[in-house]
1. I'm told residue B:187 meets every condition in (1) without any contact (Cβ under 8 Å) to a residue 12 or more places away in the chain; (2) over 24 Å from residue A:54 (Cα atoms) except one. Can you identify the failing condition by its number?
2. If we keep just the residues of the stretch A:199-221 that are among the small types (Gly, Ala, Ser) and buried (at least 19 other Cβ atoms within 10 Å of the Cβ), which is modelled with the highest pLDDT?
3. Give me a count of the residues in the stretch A:54-90 that are more than 21 Å from residue B:185 (Cβ to Cβ) and not in a helix (DSSP H, G or I).
4. Please go through the stretch B:166-188 and give me each residue that is of a type in the set (Ser, Thr, Tyr) and more than 18 Å from the chain's Cα centre (by Cα), ordered by number.
5. Go over the candidates A:156, A:132, A:124, A:152 one by one and state the one that is surrounded by fewer than 17 Cβ atoms within 10 Å (Cβ to Cβ) and more than 12 Å from every other protein chain (Cβ to nearest Cβ).
6. Return the pairs, sorted by first residue and then second, in which the second residue is not hydroxyl-bearing (Ser, Thr, Tyr) and not in a helix (DSSP H, G or I), the first residue lies in the stretch B:28-51 and is closer than 15 Å to residue B:115 by Cα, the beta carbons are less than 9 Å apart, and the residues are 6+ apart or on different chains.
7. If residue B:223 satisfies all but one of (1) part of a helix (DSSP H, G or I); (2) surrounded by 18 or more Cβ atoms within 10 Å (Cβ to Cβ), what's the number of the condition it fails?
8. Would you check which residues across the stretch B:152-192 are at the interface with chain A (Cβ under 9 Å from one of its Cβ atoms) and more than 17 Å from residue A:173 (Cβ to Cβ) and list them?
Amino acid sequence: MDFAFMAEAFPQIVGAIPITLLMVFVSAAIGWVLGLLFALVRRADVQFFSQAVAVFISFMRSVPSVILLYISYYVMPAVIYFYGQNIGIEINVSGIPAVVYAIAALTLNQAAYASEVFRSAIAAVDEGQFEASYSIGMNKTQALQKVILPQAMATAMPNLGGLFIMLIKDTSLAYYVGVYEITATANLLSMPTLNFIEAYIMTTVIYEVLSFVFNQMFRAEENHLKRFRAVLAAQV
Amino acid sequence: MNYSYDFASIPDYMIKIMTAFPVTLEILLISLLISLLLGAAVAAGSLGRKPVIVAISRGYISFMRGIPTLVLIFLLYLGLPQILQGCGVNISSWNKMFFIIATLGLNTSANMAEMMRAAYLAVDKGQLEAAYSVGMKGTTAFRRIIYPQAFGIAIPMLGNNIINLFKETSLAFTVGVIDILGKARAITSASYGANKLETYIATGIIFWIVCVALEQGSKYLEGVYTKGRKQAAS
């Protein structure tokens, strides 16, 4: 063990945590909203759209994250470039940081998984709840917003927590498209002196701490929502 | 910048990439076997009565669930040889397959253990008591009464775990094993990166097809196995 190396490298690896968390938070925020939309589209059974969404979700769930990252990294520049040409702007695609492509891939991956979570959570809410909301004069949007989704969230929360932890772990793959997050930084620092074991033990500790902290946070939120549901049940 | 894509060539690339499929299959099957055996041991430990063993099993599961697969690969592939070198054992000449199989086996064993634990607990307690009441011993009761019911309950989760394991075999390229993604990377680097997009899409489609097939297989097996059985609480 090279403790001098560890003391020197640790602050630098910790310094890469914000990039990892940036990817995690942006992908989760956009991905889960998209996932909810996908779930609602599939539920509404809109012609063509529902099928298209189903195929997209199946693809996104089946392809490993590394390959999604690679595809995003090599497809997106072309798409952005051609879009720019169409609207008459010469966009300098090489100026776009790699983290954008990583976030795009992780977001779509999350959206696909989250849509399945939301779909089963909404399906788990009793059909009578819809009927009850309609019977007191709510329209579809109101029923979803005021009655169905709050209950569905309580069911979805443990699975969303699992997705979040999965996302934290998946960000380590962004290393392969050139994002300097935790794993990449550790690898880079360990290369010149071959201090692999020290660098990766520190990386492991950081990931374990992140997973633990967010796991606890989701569990607290889950209990909070559960209590809310217990109150509801008691009132009924 | 030059963007010219030839999407018609994707099927050709798929055929070329599929030549590496046996390697992926080998990684998948061996690490699946390891993860099932190790998972069973850990599940048994976490269900046992000895507090120390329960704590170790739980700790193992939560450790394996918190560490990214990539980091575990690097720990084993780059870190382990260094530690063993210090102890005077040289493993740098070992087959690279060992490292990827060990990583995936260890990582998946935690999910397998959780699956087995949940399935075991989902079987009604009364079943075990009923088995004892007709004079069965512990192992017989487990083998003939608990296990068949728990297996039926575990099938959907088992299918999911196998699909996840299959997706993670794509990380084999990080240690230089030529699996399907490794082959795709080899093809792109042979043409100086000219056909990157087509090869990666082709690889993605291969994964898609296999995953959908695995999913259907798991659904079919579930249907066959739970047919006529009272569905235990999921």
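The values are calculated or read from the model by the stated rules, or taken from the named source; none is laboratory data. The model shown is predicted, which means the values in this text are computed figures rather than measured ones. Reconstructed Cβ throughout: ideal geometry from the backbone, glycine too, with neighbour counts over all protein chains shown.
1. It fails just one condition, (1).
2. Of everything passing the filter in the stretch A:199-221, A:211 is modelled with the highest pLDDT.
3. Total satisfying the criteria: 4.
4. Listed by number, the list holds a single entry, B:188.
5. None of the others qualify; the one that does is A:132.
6. Going by the 9 Å Cβ cut-off, there are no qualifying pairs.
7. (2)
8. Correct list: B:163 only.
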